[in-house]
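Q: This is the structure I want to talk about, given as structure tokens.
The values are calculated or read from the model by the stated rules, or taken from the named source; none is laboratory data. Treat the numbers as computed from the prediction; the structure is a model and nothing was measured. Cβ placement follows ideal geometry from the backbone for every residue including glycine, while neighbour counts extend to all protein chains displayed. These accessible areas exclude ligands, DNA and RNA; they are computed on the full protein's heavy atoms, side chains included. Shrake-Rupley method; radii C 1.70, N 1.55, O 1.52, S 1.80 Å.
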Amino acid sequence: MAAIAAILSSIPSSSSSKLSKYQSYPSAPPPCRVVCRGGSQPPPPVTTDFQFALHDALDSSGINTTHAREARQNFMSQIKRLSSIEREISISINRRVDLAKTALYIAAEDDSLISHSSVALPVDAFIERLDDLSMGFCTNNSSALNSSPEMLLDSLEKFLFVKKGFRRSTMKSRLEPRSLYLHSVLTHRSGSAVMLALIYSEILKMLRLWSLLDFDCEIFFPHDNHGLPRGYHKQKSKESDHQHILTSLTLLEKILRNLKEAFWPFQHDHTKSLFLRAAHAADCVDISKTFEGSGAQLASAKAAQHRLDRGVWTSVHFGDMRRALSACERLILLESDPKELRDYSVLLYHCGFYEQSLQYLKLYQEKGSSLQKQASNKLSSLEEDAVEKLMIRLNLISMEEGWSKPSHVRNFLGNNSEPW
């Protein structure tokens, strides 16, 4: 707290218009996110109608999921604040959902799933790192806080991408785990575009909280493979800039879909959707119509299924079923795309959880009926054909007494012999 007061006192007096709120409270430090967010009180309970499989399956395998469940509950407590209006609000002005904490709760759950550690990921410690970035910018750029919007944003980007060395991960490493989790990006300073945009937005929010940002600032999110997020004065923006605005919902979707893609257990043939890759491995796709890949790709598909049959849940560059399932479950909780139900269903099928797989596939058909009617392109038609074949197979399995499933299911999620 003393550090924050020192930062503010070091800013030139000509910035008094921006600091008027704080000058009226001489005996107390200004409000800051360390105080606003720092409470360790447990979140209010959040109920959901979805009955997910991952945590219960790990528990049945003897793996303690206490920390994973707590992180999931914290994640749910945040996203329940996403009203229909909040979903469409830009990350640079979002106030109701703590996006940084939400991203760290995602990381905390996945860390617990793979490390089996008795200690939870220290979310508050990484929040403090974000606060330190904001305070560091103010300390080293006090003159910029009294300059034009363009000069302030230029100084912020030099601070973040030059002085602090944050950079965008390369195409080769863009799906590496450490570029997809906020705590890793804060540690290694290399991350995906969405993670860099989140860090940028958190600094802007701190500047607003301290009344050091008095213009309408927006973040330009790059859609290419190399660009960095950039701030701009919204009143001077072009109409084409609007498609680069990242909303709260879109940011969370991108974080989770990046994880889902990175850890999808079927990494062959990237020309097809994740669902079709998994459906192909389950022989729910007509190969004569869809598979035009090389022999190596076909061998990769068979190898992926063979690993699953042996209960190997993770392998270098071949995905991780636990983290793919957790990404799917959280995407379903966002309730933004019915296709997440379908993708979750096919993963459950590969795990041998046939009854739950059928439940989620039926739910997809109920909620995604309008999408199915609009399936006019070739890819959508292939996906719906695969859904029908999977549905038929699951209904046939359901006729067998007791929903019999392979004996390797527990090993599939509980085996911890592979490196991570």
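Q: Rounded, prolate or oblate: which one fits region 125-257, using the alpha carbon gyration tensor with axes a ≥ b ≥ c (rounded when a/c is under 1.5, else prolate when a/b beats b/c, else oblate)? Before the final figure, lay out the partial values.
A: Values: a/c = 1.77, a/b = 1.24, b/c = 1.43.
The shape class here is oblate.
Q: Which FRET efficiency value, to the nearest 0.05, is calculated for Ser147 and Asn377 with the Förster distance at 56 angstrom and r the Cβ-Cβ distance? Each step should come with its number before you reach the end.
A: On the way: r = 50 Å, r/R0 = 0.89.
Plugging the Cβ-Cβ distance into 1/(1 + (r/R0)^6) gives 0.65.
Q: Of the cross-linked pairs Lys367/Lys389; Lys205/Lys236; Lys80/Lys164; Lys80/Lys272; Lys163/Lys260, which ones have a Cα-Cα span greater than 26 Å in the structure shown? Write out the running numbers ahead of the final one.
A: On the way: Lys367/Lys389 19 Å; Lys205/Lys236 20 Å; Lys80/Lys164 34 Å; Lys80/Lys272 33 Å; Lys163/Lys260 32 Å.
With Cα atoms farther than 26 Å apart: Lys80/Lys164; Lys80/Lys272; Lys163/Lys260.
Q: For Thr247, what accessible area in Å² do you get when you roll a 1.4 Å probe over the heavy atoms of the protein chains, rounding to the nearest 10?
A: Roll a 1.4 Å probe over it and Thr247 shows about 20 Å².
Q: May I ask you to rank Lys254, Lys378, Lys80 by accessible area, largest first, using a 1.4 Å probe over the protein chains only? Numbers along the way, then the final one.
A: Numbers: Lys254 65, Lys378 135, Lys80 115 Å².
Putting Lys254, Lys378, Lys80 in descending order of accessible area: Lys378, Lys80, Lys254.
Q: So how much accessible area does Phe353 have, in Å² to the nearest 10, using a 1.4 Å probe?
A: Counting only protein heavy atoms, the figure is 30 Å².
Q: Is region 92-200 rounded, prolate or oblate when judged by the Cα gyration tensor, a ≥ b ≥ c being the square roots of its eigenvalues, rounded requiring a/c under 1.5 and prolate requiring a/b larger than b/c?
A: Numbers: a/c = 2.27, a/b = 1.70, b/c = 1.34.
Since a/c reaches 1.5 and a/b is larger than b/c, the shape of region 92-200 is classed as prolate.
Q: Heavy atoms only, probe 1.4 Å: what % of the accessible area of region 66-223 goes to carbon and sulfur, would you let me know? Spell out each step's value before the answer.
A: Values: 3100 of 6080 Å².
Answer for region 66-223 is 51 percent, counting heavy atoms of protein chains only.
Q: Over region 40-174, what is the mean sequence separation of C-alpha contacts under 8 Å (at least six apart), divided by residue count, expressed as relative contact order in percent?
A: Working: 78 pairs, mean separation 25.3, N = 135.
19 percent.
Q: Express in Å², to the nearest 10, the accessible area of Asp56 obtained by rolling a 1.4 Å probe over the protein heavy atoms while all chains stay in place.
A: Its heavy atoms expose roughly 90 Å² to the probe.
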